[in-house]
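Student: Structure below; questions to follow.
The values are calculated or read from the model by the stated rules, or taken from the named source; none is laboratory data. Keep in mind it's a predicted model, so treat the numbers as computed, not measured. For neighbour counting, all protein chains shown are included, and Cβ atoms are generated from backbone atoms with ideal geometry for every residue, glycine included.
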Amino acid sequence: MSEKDPQLKPGFNRFWMAIVTILAVLVFVEWIVPAASRGITGLPFPLTVPRTLLLIYMVLTLIALFLFITFSDEYLDEFWQPLKRFLRGDFGTGSHTAALVIVPLLVAWWVFDLKMPQLEPPLALRIQHPSSNFPKSSEDLKNPYTEPSENDVKAFIQEAKAGQVGFIPQLTTDLESWRDMNPDSHILEAINTGPIREFLVDLEDGNVDQESAKLALVEKNLFEGRALYAMNCRACHGDSAFGDGPMADGFKLRPINFTDNGTLETIVEGYTFWRVTNGGPGLPTEATPWDSAMPEWKLSLTEEQRWKIIMAEYDLAQKTPRIPEAH
Ligand code: HEC
């Protein structure tokens, strides 16, 4: 086979094919997959592609290309063609000069970047409760679902009388199938706990008092919070809030054990709300060196749902929030 042959069709030369394939795989995993994930999930951020996955794809691509190129001597010859032509100076002397300038510059930049001392002091200690960007206004926030207002209780009594108690949308399917199985029961009976049973007895007798209705409403809020916790937080924080969910072992910075005295109990409710709302991405630099995997819950849960989860979180851990100091 003549040396000149492959030059006639440079577009299909195996050398360029290898370069284009590597770039295509890189672009696919780095940009197309994250963009598609945004389209599929409808979330305002892309799902992360693990670095190891990119590495696996690149290694597989290189192995496949190696087999493809070394399949026969002709193929290998064809692969070397552009490099040989370049060395012979077929692309003009300018190309040699350009390579002599660009390649050392790239290597120099890479070495510089690698060896350049970092200006930030290394942070050995991680601050578990960083507060430099915690808005002061959130400090005194109270969970509106643990202490419902008189009006909320009144509205709840009206709803209960009409048998039309509103629940968070995440529970609709389960409550509907419960209703199908218990067509003659009050919807609140789905929550089979003391305060709810007492409230339903009062409701039946027609002498509902504000206090028992309030307890029942708090119980209903807690029920919703527990369901939301199971759906959203359990995977990392565990059934009993020990920080031992099935995903927990995958993180260098483990989910926190909420039953530990140094955690939930030491922070005010407003702080917990802010942490859950903004997740790991909302933490300032003193929370590094390891990044928290906590999702940014404001993107997928409403304010009401976040407060109800926090209620369930404290309840599961059997802890009470720290009381804000008087200013
Ligand atoms: C992908 C795993 C993951 C999920 C899901 C998750 N968390 Fe976390 N969470 C973490 C990790 C890891 C930490 C510990 C690192 C840190 O401090 O941010 C944490 C920390 C927290 C903290 C801070 C505790 C403290 O004492 O500072 C709160 C509060 C919290 N999570 C609440 C929640 C709630 C509520 C949910 C569900 C809506 C949830 N988390 C879901 C991983 C997760």
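Student: Take the residues of the stretch 137-169 that are among the hydroxyl-bearing types (Ser, Thr, Tyr) and under 21 Å from Ala190 (Cα atoms): which is modelled with the highest pLDDT? Even if it seems obvious, please write down each step before you answer.
Tutor: Let us first name the residues in the stretch 137-169 that are among the hydroxyl-bearing types (Ser, Thr, Tyr), namely 137-138, 145-146, 149.
Add one more test, that the residue is under 21 Å from Ala190 (Cα atoms), and what stays is 145-146.
Working: Tyr145: 93, Thr146: 89.
The residue in question is Tyr145.
Student: Show the residue pairs that are 6+ apart or on different chains and have beta-carbon atoms under 6 Å apart, the first residue being within the stretch 292-314 and under 18 Å from Leu171 (Cβ atoms), the second being buried (at least 17 other Cβ atoms within 10 Å of the Cβ) and of a type in the set (Gly, Ala, Ser).
Tutor: Hits for this filter: Lys308/Gly225; Ile309/Gly225; Met311/Gly225; Ala312/Gly225.
Student: Could I ask something else about it? Out of curiosity, is Thr272 within 19 Å of the chain's Cα centre (by Cα), near the ligand (Cβ under 7 Å from one of its atoms), within 16 Å of Ala312 (Cα to Cα) and polar (S, T, N, Q)? If you could, list the steps in order and put the result at the bottom.
Tutor: Numbers: within 19 Å of the chain's Cα centre (by Cα): yes; near the ligand (Cβ under 7 Å from one of its atoms): yes; within 16 Å of Ala312 (Cα to Cα): yes; polar (S, T, N, Q): yes.
Considered against the rule, which asks whether it is within 19 Å of the chain's Cα centre (by Cα), near the ligand (Cβ under 7 Å from one of its atoms), within 16 Å of Ala312 (Cα to Cα) and polar (S, T, N, Q), Thr272 comes out as yes.
Student: Please report, ordered by residue number, the helices (runs of 4 or more DSSP H) entirely within the stretch 166-263 with at least 3 residues that are within 12 Å of the ligand (Cβ to nearest atom) and either basic (Lys, Arg) or out of contact with any Gly (no Cβ under 7 Å at 6 or more places or on another chain) (or both). Can you show your working first?
Tutor: Values: elements: 172-181, 194-205, 210-232, 234-237.
Fully inside the stretch 166-263 and qualifying: 210-232.
Student: With respect to Thr70, determine if the residue is surrounded by 11 or more Cβ atoms within 10 Å (Cβ to Cβ) and at pLDDT 85 or above.
Tutor: Details: surrounded by 11 or more Cβ atoms within 10 Å (Cβ to Cβ): yes; at pLDDT 85 or above: yes.
Considered against the rule, which asks whether it is surrounded by 11 or more Cβ atoms within 10 Å (Cβ to Cβ) and at pLDDT 85 or above, Thr70 comes out as yes.
Student: Now for a different question. Can you find, within the stretch 4-47, the residue that is modelled with the highest pLDDT among those that are among the charged types (D, E, K, R) and not in a helix (DSSP H, G or I)? Full working, then the answer.
Tutor: First pass over the stretch 4-47, keeping only residues among the charged types (D, E, K, R): 4-5, 9, 14, 30, 38.
Going one step further and asking which of them are not in a helix (DSSP H, G or I), we end up with 4, 9.
Working: Lys4: 48, Lys9: 54.
Looking at residues that are among the charged types (D, E, K, R) and not in a helix (DSSP H, G or I), I get Lys9.
Student: Pick from Gly262, Gly238, Gly225: which is at positive phi and not acidic (Asp, Glu)?
Tutor: Values: Gly262 fails: at positive phi; Gly225 fails: at positive phi.
None of the others qualify; the one that does is Gly238.
Student: Moving to a separate point now. Does the stretch 241-268 hold any residues that are exposed (fewer than 15 other Cβ atoms within 10 Å of the Cβ) and of a type in the set (Asp, Glu), and which are they?
Tutor: Asp249
Student: Filtering the stretch 288-304 down to residues that are more than 7 Å from the ligand (Cβ to nearest atom) and outside any loop (DSSP other than H, G, I, E, B), which residue is nearest to Pro46 (Cα to Cα)? Let's see the steps before the verdict.
Tutor: If we filter the stretch 288-304 for residues that are more than 7 Å from the ligand (Cβ to nearest atom), which is where we start, we get 288-291, 296, 298-300, 302-304.
Remaining after also requiring outside any loop (DSSP other than H, G, I, E, B): 298-299, 303-304.
On the way: Lys298: 16, Leu299: 12, Glu303: 23, Glu304: 25 Å.
So the residue we want is Leu299.
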